[in-house]
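What follows draws every value from the coordinates through simple rules; no lab data is involved. It should be emphasised that the depicted structure is a prediction, and the values quoted were computed from it without experimental measurement. For neighbour counting, all protein chains shown are included, and Cβ atoms are generated from backbone atoms with ideal geometry for every residue, glycine included.
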Amino acid sequence: MTRSGKLKTKLFNVRRAAGAATLTLLVLGGGLLSGSAHAASFHCGKKVSSSEKLVCTDPDLSSLDDKLAISFKRAKDVTPDAAAFEDDHVKQWQWRQHNCKDKTCVVNWYNRRISELDADFNQGTQNQIVVLKANLAEQKITDTAQAAVLRMKGDAVPGSLQ
């Protein structure tokens, strides 16, 4: 066999091995994922509370946990008081850990907490807009320039300057 033929054979064998390894990982990974849910906000290890065990093994609860993680990040990003926000977060989490022992309680807790965090996000966003408008007014720039800044910041409501 020629040198280029040997090289092509080796390259083919490497590609075939890589393809087989990828397929094996996908099959094994898919098997692992189908057996249990994976929560976004905590690790499903051995030392988890009864409510966390429910979340780790139930796809519906895991999905709610994913939604909560998104709501939490959004609200955290706009909170005016990070320390108070974190303190409330810890208290809310501890309440669930100590009080929720069944799926109904955990679902209700997630739905309530997601609603609270979404409301916090909306309020924080409104507060940021008010502060931004006040800062723009202090700078005494034209209404057109103020409107452009507000559009860039995501508040493109016409006539919203006061």
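Label-point separation (nm) for Ala119 and Asp143, each offset 7 Å from Cα along Cα-to-Cβ?
3.6
Add +1 for every Lys or Arg and -1 for every Asp or Glu among the other residues with Cβ under 11 Å from the Cβ of Val55, and state the total.
Numbers: positive: Lys53, Arg96, Lys103; negative: Glu52, Asp58, Asp60, Asp65, Asp66.
Once all neighbours under 11 Å are counted, the net charge is -2.
Run the numbers on the range 37-152 and let me know its relative contact order in percent, using alpha-carbon pairs under 8 Å that are six or more apart.
Details: 89 pairs, mean separation 32.3, N = 116.
28 percent.
Report the extension gain between Met152 and Ser49 in nm, rounded to one decimal, defined as 0.36 nm multiplied by the number of residues separating them, less their alpha carbon distance.
Values: separation 103, 0.36 × 103 = 37.08 nm, distance 4.44 nm.
Taking 0.36 nm per residue and subtracting the Cα distance, the gain is 32.6 nm.
If each residue of separation counts as 0.36 nm, what is the full-extension length gain between Asp66 and Ile129 once their alpha-carbon separation is subtracted? Numbers along the way, then the final one.
Numbers: separation 63, 0.36 × 63 = 22.68 nm, distance 2.77 nm.
Value of the extension gain: 19.9 nm.
Full-extension gain between Cys105 and Trp93, please, as 0.36 nm times their residue separation minus the C-alpha to C-alpha distance. Can you show the working numbers first?
Details: separation 12, 0.36 × 12 = 4.32 nm, distance 1.30 nm.
Computed gain between Cys105 and Trp93 is 3.0 nm.
Going by a ≥ b ≥ c, the root eigenvalues of the Cα gyration tensor, does the range 37-152 fall in the rounded group (a/c under 1.5), the prolate group (a/b larger than b/c) or the oblate group?
In terms of gyration-tensor shape, prolate.
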